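Q: If you scroll down you'll find the structure; I have some questions about it.
The values are calculated or read from the model by the stated rules, or taken from the named source; none is laboratory data. What you are looking at is a predicted structure, and each value in this text was computed from that prediction instead of being measured. All Cβ positions, even for glycine, are placed from backbone atoms using ideal geometry, and neighbour counts span all protein chains on display. Note: areas computed on protein heavy atoms with side chains; ligands, DNA, RNA excluded. Shrake-Rupley method; radii C 1.70, N 1.55, O 1.52, S 1.80 Å.
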Amino acid sequence: MLDPFELASLIIGIVIIAPVFEELLFRVPLSIWMNRSYRFFIALFISSILFGLLHAEYPVFGFVLGMIFGVVYKLSKSVVPAIITHFIWNVFSLYYFNYL
């Protein structure tokens with residue numbers, strides 16, 4: 001069982017900071033730069049590979065999530081829905097994988 005400080009740190013780090021930081025890092029600069037040079041799907045594929053490698057504990061699933069978050073970013077033309085989707089996934093995964 002987590003003490004209140006550990007729980008608060010986990011929630012702040014994984015649920016709030018990680019989605020904002022990762023989406024700003026992977027969707028915005030990588031997608032903008034790559035969309036200028038390559039087609040969208042190549043940019044999405046490359047940024048998703050990098051996203052998967054960042055999540056070394058589950059790189060294939062990280063790749064799939066990167067693809068999903070990238071499509072959300074592309075369809076909405078905004079990073080905010082991608083951050084919200086990432087946030088929702090992290091809340092779900094914390095609960096589902098019994099971290100909470």
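Q: Which of the residues belonging to region 61-80 are out of contact with any Leu (no Cβ under 8 Å at 6 or more places or on another chain) and not in a loop (DSSP other than H, G, I, E, B)? Working first, answer last.
A: First pass over region 61-80, keeping only residues out of contact with any Leu (no Cβ under 8 Å at 6 or more places or on another chain): 61, 63-65, 68-69, 72-73, 75-78, 80.
Those that are out of contact with any Leu (no Cβ under 8 Å at 6 or more places or on another chain) and not in a loop (DSSP other than H, G, I, E, B): 61, 63, 64, 65, 68, 69, 72, 73, 75, 76, 80.
Q: Starting from region 71-100, keep only residues that are in contact (Cβ under 8 Å) with a residue 60 or more places away in the chain, then list their pairs with residues that are outside any helix (DSSP H, G or I) and crowded, with 19+ Cβ neighbours inside 10 Å whose Cβ atoms are within a distance under 9 Å, requiring at least 6 positions of separation or different chains.
A: 83/27
Q: Please find, among 49, 68, 16, 11, the residue that is under 14 Å from the mean Cα position of the chain (by Cα) and touching a residue at least 40 places away in the same chain (Cβ under 8 Å).
A: On the way: 49 fails: touching a residue at least 40 places away in the same chain (Cβ under 8 Å); 68 fails: touching a residue at least 40 places away in the same chain (Cβ under 8 Å); 11 fails: under 14 Å from the mean Cα position of the chain (by Cα).
After ruling out the rest, the residue left standing is 16.
Q: Output the residue which, of all residues in region 60-71 that are more than 16 Å from residue 18 (Cβ to Cβ) and in contact with a helix residue (DSSP H, G or I) (Cβ under 6 Å, 6 or more places away or on another chain), is least open to solvent (accessible area, probe 1.4 Å). If you could, list the steps in order and put the result at the bottom.
A: Within region 60-71, the subset more than 16 Å from residue 18 (Cβ to Cβ) is 60, 63-64, 67, 70-71.
Okay, now just the ones that are also in contact with a helix residue (DSSP H, G or I) (Cβ under 6 Å, 6 or more places away or on another chain), so 63, 67, 70.
Working: 63: 54, 67: 56, 70: 5 Å².
Checking each candidate, the answer is 70.
Q: Same structure, new question: Examine region 29-41 for a residue that is basic (Lys, Arg), within 18 Å of residue 77 (Cβ to Cβ) and either part of a helix (DSSP H, G or I) or open to solvent by less than 80 Å² (accessible area, probe 1.4 Å) (or both), and state whether such a residue exists.
A: Of all residues in region 29-41, those basic (Lys, Arg) come to 36, 39.
Now restrict to residues that are within 18 Å of residue 77 (Cβ to Cβ): 36, 39.
From what's left, either part of a helix (DSSP H, G or I) or open to solvent by less than 80 Å² (accessible area, probe 1.4 Å) (or both): 36.
So far as region 29-41 goes, yes, one or more of its residues are basic (Lys, Arg), within 18 Å of residue 77 (Cβ to Cβ) and either part of a helix (DSSP H, G or I) or open to solvent by less than 80 Å² (accessible area, probe 1.4 Å) (or both).
Q: Next up: Collect the residues in region 74-92 that are within 16 Å of residue 32 (Cα to Cα) and either surrounded by fewer than 17 Cβ atoms within 10 Å (Cβ to Cβ) or not hydrophobic (A, V, I, L, M, F, W, C) (or both), keeping them in residue-number order. Before you say what the answer is, go through the steps one by one.
A: Kept after step one, since they are within 16 Å of residue 32 (Cα to Cα), are these residues of region 74-92: 74-80, 82.
Those that are within 16 Å of residue 32 (Cα to Cα) and either surrounded by fewer than 17 Cβ atoms within 10 Å (Cβ to Cβ) or not hydrophobic (A, V, I, L, M, F, W, C) (or both): 74, 75, 76, 77, 78, 80.
Q: While we're looking at this one, here's another question. If I ask for residues that are at pLDDT 90 or above and open to solvent by 60 Å² or more (accessible area, probe 1.4 Å), which ones from region 46-57 would you list?
A: 49, 50, 53, 54, listed by residue number.
Q: Among the candidates 34, 1, which residue alone is at pLDDT below 85, farther than 14 Å from residue 67 by Cα, touching a helix residue (DSSP H, G or I) at 6+ places or on another chain (Cβ under 7 Å) and among the hydrophobic types (A, V, I, L, M, F, W, C)? Reasoning before the result, please.
A: Details: 1 fails: touching a helix residue (DSSP H, G or I) at 6+ places or on another chain (Cβ under 7 Å).
Going through 34, 1 in turn, just one is at pLDDT below 85, farther than 14 Å from residue 67 by Cα, touching a helix residue (DSSP H, G or I) at 6+ places or on another chain (Cβ under 7 Å) and among the hydrophobic types (A, V, I, L, M, F, W, C): 34.
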